[in-house]
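K.L.:
My questions all concern the structure below.
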Amino acid sequence: MAWHPTPTQWFVLHRLVLLLVCLPMMRLVLLAYRDALGANPIEALTRATGWWSLVFLLITLLVTPLRRVLQWPWLLRMRRTLGLSAFFYALAHFITFIWFDHWFDWVAMFSDVIKRPFITMGFSAFVVLLPLALTSNNYMTRKLGAQRWQRLHRLAYLAPAIAVIHYWWLVKADVREPLYFAIVLALLLVWRVWSVVQKR
Amino acid sequence: MLIKPPADIDPSEITPRNVYEARRTFLRQAAALGLAGTMLPHATAQTASAAPVTEQGKLAALPGKSSTLSTTDKLTPHKDVVTYNNYYEFGTDKHQPAQYAHRLRTRPWSVMIEGEVKNKGPMNIEDLLKLAPMEERIYRMRCVEGWSMVIPWVGYSLAELMKRVEPTSKAKYVAFTTAMQPDTMIGLRIPALEWPYVEGLRMDEAMHPLTLLTFGLYGEVLPNQNGAPVRLVVPWKYGFKSIKSIDKIVLMETQPKTSWNVAAAHEYGFYSNVNPTVSHPRWSQATERRIGEDGFLAPKRKTLPFNGYAEQVAGLYKGMDLKKFY
């Protein structure tokens, strides 16, 4: 089980993951270009970018458990790519909100963030992700030091939690999808708590 | 392997009962309008749909006289009207009704008339189609979710039916129910809303000439995903008030319990008139995205009070606090 990739294998694997995380965006761009996003293309874009951001956040959180269970310590190196791709989709999601949804009407946007709880949540999740993305490079990791960096990056659990609430408060009646996300997130959190307790 | 004897008539050449009935209905109407000769080629169009209908020209024609109540706004493309729907009985995603609603059985169909009326009992869809002359009404449709369309509906004022069934003096409200077909409606398995779907109007709203009992759109009978064979269109209210695939109408003395109001009373009022100054608790109603027009290249547009029908309907709500009765 404890397999370790050679440098070449790692290179190929990493490029493959990079390609995979870009695929949803490439698909969206292609569909938008072909005017094939449906009757409400902006809603489709907004939904898809938000959905993928949440998916990549959860996949990022899956890295540590997988690493332990499979005894694949090298997986850790993949985490940054996955985390940054989650941020990439969150940023795209945020841009659809600013540009297409509010047409750069900053006053309306501000009042939405203040008055609409689901938008407050979405905006908060983005704000939480921001320092994580900005410190996901070698320079900042060194500068912060391992301990502080790790403490800061515990926010990686907070962001998807807020994002799930954001999704939950957005739907009108059918909460199945946000519920599935909530269940996966809860399982990941339970595993994390359990593994901490075990270590003691 | 199953070997069938050669059939004398190809099964595809046998016209289903609902098709020829709709054809006859159409021909009668066309004849009544003196158009039968000029429009005969259309009469071969089909109403039965073994596959999803997302294009024009696949369903039976249902022409209507143009109406002065129509708006001059640019029409929303047919494709968008029939592929972007909220019809939770066929799934909560907006592309799902177009995928699944073709299974709905729209013949035989009758609408049960009950409650405070003199003429109770079932009314056949064929009789309903003949009850009054069809009109084409181009209305704005504003969804509570913040998007809108402009749709050329075909039907007649609900008032025509109301007069025919003769409500008693006790009738103050009208409740409408969507049909339940558990074997065709996959959405019924999800308790997103309480089934069956129920909507309602106050008597004066139901009698208002703008309130349309609707049988078609874009000159054809309604595609199933748009609420075939008969639906309501109340253009000054949020779209969910315009109930689809009606199989029951009950005249009532008290205000009916309507589905979205039961699901979330603080978000969806009984009246649900389009009102840019009363926000949905979770999002603003001040603006809307006109499907096919606003978004990539133009900002969303301002939502109008009563969806632009204030001149005709604001009087119905005189003296009412519309922030309280949202």
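K.L.:
Using Cβ contacts closer than 10 Å as the measure, can you line up B:ILE243, B:ILE190, B:ILE138, B:ILE151 from fewest to most?
P.N.:
Ranked by crowding around the Cβ, least crowded first: B:ILE190, B:ILE138, B:ILE151, B:ILE243.
K.L.:
Which semi-axes, in whole Å and largest first, does the equivalent ellipsoid of the stretch A:7-199 have when worked out from the alpha carbon gyration tensor as the square roots of 5 times its eigenvalues?
P.N.:
They are 29, 20, 17 Å, listed largest first.
K.L.:
For a quick protection proxy, order the peptides A:155-164, A:21-30 by their average other-Cβ count within 10 Å, most packed first.
P.N.:
My ranking of the peptides, most packed first, is A:155-164, A:21-30.
K.L.:
Report the gain in length on full extension from A:LEU144 to A:TRP194: 0.36 nm times residue separation, minus Cα-Cα distance, nm rounded to one decimal.
P.N.:
Extra length available between A:LEU144 and A:TRP194 comes to 15.2 nm.
K.L.:
Among B:GLN285, B:ALA175, B:LEU297, whose Cα lies farthest out toward the positive end of the dipole of the stretch B:51-317, if unit charges sit on the beta carbon of Lys, Arg (+1) and Asp, Glu (-1)?
P.N.:
My answer, from the dipole projection, is B:LEU297.
K.L.:
What does the charge count near A:GLY38 come to, summing +1 for each Lys or Arg and -1 for each Asp or Glu among other residues with Cβ under 11 Å from its Cβ?
P.N.:
-1
K.L.:
If contacts are Cα pairs under 8 angstrom and at least 6 residues apart, what is the relative contact order of chain A in percent?
P.N.:
Once divided by the residue count of chain A, the mean separation gives 20 percent.
K.L.:
Show that you can apply the helix-only estimate: for the protein assembly as shown, add -39,500 (n - 2.57) for every DSSP H stretch of four or more residues, divide by all residues, and state [θ] at 222 nm to the nearest 500.
P.N.:
Rounded to the nearest 500, it is -13000 deg cm²/dmol.
K.L.:
Averaged across B:140-149, how many Cβ atoms of other chains sit within 10 Å of each residue's Cβ atom?
P.N.:
The per-residue average across the peptide is 1.
K.L.:
Inside 10 Å of the C-beta atoms of A:172-181, what's the mean count of C-beta atoms belonging to other chains?
P.N.:
If you average over the peptide's residues, the count of other-chain Cβ atoms is 4.
K.L.:
Assign unit charges at the C-beta atoms only (+1 for Lys and Arg, -1 for Asp and Glu), then state the dipole size of the stretch A:7-199 relative to its Cα centre in Debye, rounded to the nearest 20.
P.N.:
Roughly 1060 debye, rounded to the nearest 20.
K.L.:
Evaluate E = 1/(1 + (r/R0)^6) for B:ARG189 and A:ARG68, where r is the Cβ-Cβ distance and R0 equals 35 Å; express this FRET efficiency to the nearest 0.05.
P.N.:
0.35
K.L.:
How large is log10 I(q)/I(0) at q = 0.11 Å⁻¹ when the Debye formula is applied to the Cα atoms of the stretch B:60-187, each weighted equally and without solvent?
P.N.:
The calculated log intensity ratios at q = 0.11 Å⁻¹ are -0.52.
K.L.:
If you restrict to DSSP beta bridges whose two residues both lie in the stretch B:51-317, what percentage is antiparallel, to the nearest 5?
P.N.:
Just about 85 percent of them are antiparallel.
K.L.:
Another question about this same structure. Quick one: which of A:LYS115/B:LYS74; B:LYS79/B:LYS130; B:LYS118/B:LYS241; B:LYS65/B:LYS244 span more than 31 angstrom between C-alpha atoms?
P.N.:
A:LYS115/B:LYS74
K.L.:
So for the pair A:ASP35, A:ALA108, with labels modelled 7 Å out along Cα→Cβ, what separation do we get in nm?
P.N.:
Rounded to a tenth, the inter-label distance reads 2.4 nm.
K.L.:
So which helices of chain A fit the span-like rule, where a helix is a whole DSSP H run, its Cα atoms reach 20 Å or more along the axis, and its mean Kyte-Doolittle is at least 1.6?
P.N.:
Answer set is A:117-134.
K.L.:
How would you order A:165-172, B:115-122 from highest to lowest mean count of nearby Cβ atoms within 10 Å?
P.N.:
A:165-172, B:115-122
K.L.:
Multiply the residue gap between A:TYR157 and A:THR135 by 0.36 nm, knock off their C-alpha separation, and tell me the result in nm, one decimal place.
P.N.:
This chain segment gains 6.3 nm when fully extended.
K.L.:
Taking the Cα centre of the stretch B:120-172 as origin, sum charge times position over the Cβ atoms of Lys and Arg (+1) and Asp and Glu (-1), and report the length of that vector in debye to the nearest 20.
P.N.:
It works out to roughly 300 debye.
K.L.:
Related question: Give me a single rounded figure for B:289-299: the average over its residues of other chain Cβ atoms within 10 Å of their Cβ.
P.N.:
4
K.L.:
Moving on. Let me make sure I get this right: for the stretch B:264-326, a, b and c are the square roots of the gyration tensor eigenvalues over alpha carbons, sorted descending. Under 1.5 in a/c it's rounded, otherwise prolate if a/b > b/c, else oblate. Which is it?
P.N.:
In terms of gyration-tensor shape, oblate.
K.L.:
Then there is this: For the stretch B:130-160 and the stretch A:1-78, write down the distance between their C-alpha centroids in whole Å.
P.N.:
Using only Cα atoms to place each centre, the spacing works out to 45 Å.
K.L.:
Which of B:ILE246, B:VAL274, B:THR258 sits closest to the plus end of the dipole of the stretch B:179-326, meaning its Cα is farthest towards the positive end, when Lys and Arg get +1 and Asp and Glu get -1 on the C-beta?
P.N.:
B:VAL274
K.L.:
Then there is this: So what is Rg over Rh here for the stretch A:97-169, counting just Cα atoms and using Kirkwood for Rh?
P.N.:
That ratio equals 1.10.
K.L.:
Right, another one. How big is the protein assembly as shown in terms of Cα radius of gyration and Dmax, in angstroms?
P.N.:
So, for the protein assembly as shown, Rg and Dmax equal 27.4, 89 Å respectively.
K.L.:
Taking the Cα centre of the protein assembly as shown as the origin, how large is its charge dipole in debye, to the nearest 20, when only Lys and Arg (+1) and Asp and Glu (-1) carry charge on their Cβ atoms?
P.N.:
Around 2240 debye, computed over the protein assembly as shown.
K.L.:
Further question on the same structure: Among B:MET162, B:CYS143, A:PHE11, flag the residue with its Cα farthest along the positive direction of the charge dipole of the protein assembly as shown, charges on Cβ as +1 for Lys/Arg and -1 for Asp/Glu.
P.N.:
Of the options given, the answer is A:PHE11.
K.L.:
By the gyration tensor of its Cα atoms, with a ≥ b ≥ c the square roots of the eigenvalues, what is the shape of the stretch B:51-317: rounded for a/c under 1.5, prolate for a/b over b/c, or oblate?
P.N.:
It is rounded, given that a/c, with a ≥ b ≥ c, falls under 1.5.
Bear in mind that the values in this text are calculations on the coordinates, not laboratory data. Source: prediction; values computed, not measured. When we count neighbours, we look across all protein chains shown, and the Cβ atoms used for this are built from the backbone with ideal geometry, even at glycine.
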